[in-house]
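None of the figures in this text is laboratory data; all of them are computed from the coordinates on show. These numbers come from a predicted model, not from an experiment. Cβ sites come from the backbone with ideal geometry, for glycine too, and all protein chains shown count toward neighbours.
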Amino acid sequence: MTAAGFRTRKIAPPQKTLGDMLKGARRQKRVTVRQAEEITHIRAKWLLALESDAWEQLPSEVYGRGYLFQYSDYLGLSRRAVEEQYERERRVLMQRCERAREAGGLSIKPTVRIPKYYITTRLLSYFASAAILLVIGGYLVWQVNRFSSVPLLEIAQPVAAMDGALAGVVVLTDTVAVTGHTTIGATVSINGQSIMVDSSGLFRQTIELAKGENLIHVTATNRSGATRQEVLRVVAQY
């Protein structure tokens, strides 16, 4: 209670974002963004996007998560703490987007227009038949393309390809986590051994490494037998 009869209340400092955590850990490690780029093989612009919480500047959510976990591991941050903070911020962002969409939808005023022509029952039946045929045809084309085309295969961690060229990743441990995304329903194998893929197409597998250079072959196969493969080069120095 102050002399004027008012109560004072301490204002809590703003909570650090995930980008603040990354930037603070890098500064505590006394490395520049360029130095971190050379060691992690993640482009400086992606590292700056992570430290600025500019998720929309990253190539995709899958790559963004891969860059985030690889960078946080290099900085020595707790993987569990980073994952929890990422999920919290992602939920908050989704809620804000949903509220913005709802608010935007309420602000739209419908416009009443007087038709310049009459729509008969026969014309409506023609439109309905054409729409049904288009939907069926589109579905058949989609199914054919789905089963005949090669499956999607995106490697999020470790970062394997930059501008289409194979890039080596240097690790200081005897294992490395391989994470990525494939077409829903496709199977994934690493060095010829099948691994688990969840219902959304995401996969994660820890691979044991020998000292020196290791080549990791990741292969995705869809239901029609079409395959796509990525080769990761990992150099273990432990």
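General observations
- Peptides ranked, highest mean first, by Cβ atoms within 10 Å: ranges 170-176, 200-206: 200-206, 170-176
- Here the simple spin-label model places points 7 Å from the Cα toward Cβ, and for Asp53 and Leu152 these points are separated by 2.8 nm.
- With each label modelled as a point 7 angstrom along the Cα→C-beta vector, the Ala226-Arg43 pair spans 2.7 nm.
- With coordinates expressed along the principal axes, the C-alpha atoms belonging to the range 18-88 extend over 28, 24, 17 Å, beginning with the largest.
- Cα shape, the range 61-107, gyration tensor, a/c 1.5 rule: prolate
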